[in-house]
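Taking it in order: structure first as structure tokens, then the write-up.
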Amino acid sequence: MPVPWFLLSLALGRSPVVLSLERLVGPQDATHCSPGLSCRLWDSDILCLPGDIVPAPGPVLAPTHLQTELVLRCQKETDCDLCLRVAVHLAVHGHWEEPEDEEKFGGAADSGVEEPRNASLQAQVVLSFQAYPTARCVLLEVQVPAALVQFGQSVGSVVYDCFEAALGSEVRIWSYTQPRYEKELNHTQQLPDCRGLEVWNSIPSCWALPWLNVSADGDNVHLVLNVSEEQHFGLSLYWNQVQGPPKPRWHKNLTGPQIITLNHTDLVPCLCIQVWPLEPDSVRTNICPFREDPRAHQNLWQAARLQLLTLQSWLLDAPCSLPAEAALCWRAPGGDPCQPLVPPLSWENVTVDKVLEFPLLKGHPNLCVQVNSSEKLQLQECLWADSLGPLKDDVLLLETRGPQDNRSLCALEPSGCTSLPSKASTLWDDDLGALWACPMDKYIHKRWALVWLACLLFAAALSLILLLKKDHAKAAARGRAALLLYSADDSGFERLVGALASALCQLPLRVAVDLWSRRELSAQGPVAWFHAQRRQTLQEGGVVVLLFSPGAVALCSEWLQDGVSGPGAHGPHDAFRASLSCVLPDFLQGRAPGSYVGACFDRLLHPDAVPALFRTVPVFTLPSQLPDFLGALQQPRAPRSGRLQERAEQVSRALQPALDSYFHPPGTPAPGRGVGPGAGPGAGDGT
């Protein structure tokens, strides 16, 4: 009997909802803009060449946000194609330079200087589309009258109708001005397939589609296409790339039902399948079923390789993009672990197939490159060993330079770096110092010089201990970092979260919450903002607080069931939804205890409603368990403060008005307002 590794049943992609779309009549592209603005669309496409960023000569129009909408472009009632409408929101960035004469004399030296400030602003806005296997760029001209020109303010939007794309495909969109004054905006849109469209009978290519099942039998993966014996179709396998075009892997034209077998070692997260009927203008539908598969991610790292290009340059070669950082390390003979040279060097972010450089003056067989991902070592290769021979019995010496160009030398050993004056062959040079390789026999003969330094080292160690104690006292006074995550169920719950965060700030805690970082959240995106906050919090020994509500429980359950977060009515600042992709691995891999705590409000949610995976860390009800909750937020080795009860009462008093307003809003006599698992009257209080 087949042993299932995974089982996916797909009909040309996943479509969890059914969409009803607006219809556009006619084949021509068009554009329109907000009231007060004028705009036009160039008659033909342009080359997709963003160019370099140049300084703005004064106030300019800049894209600030991209918004997409699916529509149908129809030649007649039953002859339509799926189309993507894009709205580009614009704002005025930059400012006028003050003339020197005006600054000097305190007035306008020339009345003509005022004329540009009262003029309208114009911009050429480029929209770039990429959807395998097609790409195009269009140019929109926009003019804003002087009355609407206010620095830093939005002036409206320009809408483009529309980009035709294949059902089930992934469309990447970039927007920038020409010339380019700022970094381009980007947005990725996953289009639905025929099953997700209420008007599928209006799209001819949806009338006869091959069905695709993906299943496993032991180590083999089967692609089963359930079509009639007379139907002809094309099937293609490719590696989808975040940057650049996809990499084709396999293509065949087939007839009738087919079963195609793949070896599980060929599966990687970016392996996608494209299928289409062999008919004129047929829809090509793409699915990528292995994105979240653990074994596919394991295969990805097994296929990754480091390649040395020149003495100073190298790259990471892998089928898919992956988050990674790299640094040099020194590997000595004898099987000791490779010692990262951080510091004096630093970890560098790595992009797949992008050339990286370390400013080496010469290579050495003992120098190696380490690649980490999610703080775990994934790759280590001694790139220079192939050309320079086996490992040498050398010692790496680090030369540091003081503020007055005074230099000192230490030897890198498994136990640390030992001070030693020496001369050797330099490997690395920069403003901070140099790395030297010294033969072991020379190094051993100079070890006697270290004996007289023992007393000095002891004194230095004692000073270091005192300094660490002082730094520990400063850190305790500064307070522990706490990152508060929640689901934005409604505006009332957001006010309740804000009140809790403000109350916690009165304690020795440094609280981060997306309510107070909306500008950074919008600029970086929820996933990037949360990843940076989580990483900083955990690196500083802080704690991540998961504040559960009915909405949060529903999102967690959805993730645990499907492995992805489906669409829903959530705002653009919902960091909780974005955070689940980083939070779940910490719980699944057992890293959460000690770094995470959970909490929920009395009468809103019972702790038993929290999914079992998240109850591997303490979950407290507020405000009834405030003392224990505040105790869990203290530093792990901090003594239990005698003022803990007093602080709990302080937080409870600050939180009570917000609780009363949430559970007893004016004119609403109902005692509870929770919905979802575990919510409702009596949830959390045992009734």
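The values are calculated or read from the model by the stated rules, or taken from the named source; none is laboratory data. Quick caveat, the model's predicted, so the values are computed rather than measured. For neighbour counting, all protein chains shown are included, and Cβ atoms are generated from backbone atoms with ideal geometry for every residue, glycine included. Only protein heavy atoms, including side chains, enter the accessible area calculation; ligands, DNA and RNA are left aside. Shrake-Rupley method; radii C 1.70, N 1.55, O 1.52, S 1.80 Å.
Residue by residue, what Karplus-based ³J(HN,Hα) values in Hz, rounded to whole numbers, does the stretch 373-385 have, using 6.51, -1.76 and 1.60 with θ = phi - 60° and x for Gly and Pro?
Calculated HN-Hα couplings, in order: 9, 6, 6, 10, 5, 10, 9, 8, 9, 8, 5, 8, 5 Hz.
Sorting check: for 268-279, 152-163, which peptide has the highest mean count of neighbouring beta carbons within 10 Å, and how do the rest follow? Walk me through the numbers on the way to the answer.
Values: 268-279: 20.5, 152-163: 18.7.
Ranked by mean Cβ neighbours within 10 Å, highest first: 268-279, 152-163.
With all protein chains present and a 1.4 Å probe, how do Thr177, Thr261 order by accessible area, largest first?
Values: Thr177 10, Thr261 80 Å².
Ranked list, largest accessible area first: Thr261, Thr177.
Using the Cβ atoms and a cut-off under 12 Å, what net charge is assigned to the surroundings of Leu546, where Lys and Arg are +1 and Asp and Glu are -1?
Working: positive: Arg534, Arg615; negative: Asp586.
Computed value for this residue: +1.
As a test question: what accessible area, to the nearest 10 Å², does Trp314 have when a 1.4 Å probe is rolled over all protein chains in place?
Surface open to solvent at Trp314 totals about 0 Å².
Going by average Cβ neighbours within 10 Å, how do the peptides 213-221, 120-128 rank, with the highest at the top?
On the way: 213-221: 15.1, 120-128: 18.6.
Highest-to-lowest ranking by the protection proxy: 120-128, 213-221.
With +1 assigned to the C-beta of every Lys and Arg and -1 to the C-beta of every Asp and Glu, and no other charges, what is the dipole magnitude of the stretch 254-365 about the Cα centre in debye, to the nearest 20? Intermediate results must be reported in sequence, preceding the final value.
Details: 7 positive and 11 negative charges, 54 e Å.
Taking the Cα centre of the stretch 254-365 as origin, the dipole is about 260 debye.
Roll a 1.4 Å probe over the protein chains and send me the accessible area per residue for the stretch 482-533 in Å².
Values: 2180 Å² over 52 residues.
Ligands and nucleic acids excluded, the figure is 42 Å² per residue.
Output the peptides 618-625, 46-53, 651-658 sorted from most to least packed, where packing is the average of other Cβ atoms within 10 Å over each peptide's residues.
Numbers: 618-625: 19.2, 46-53: 11.2, 651-658: 16.0.
The most tightly packed comes first, giving 618-625, 651-658, 46-53.
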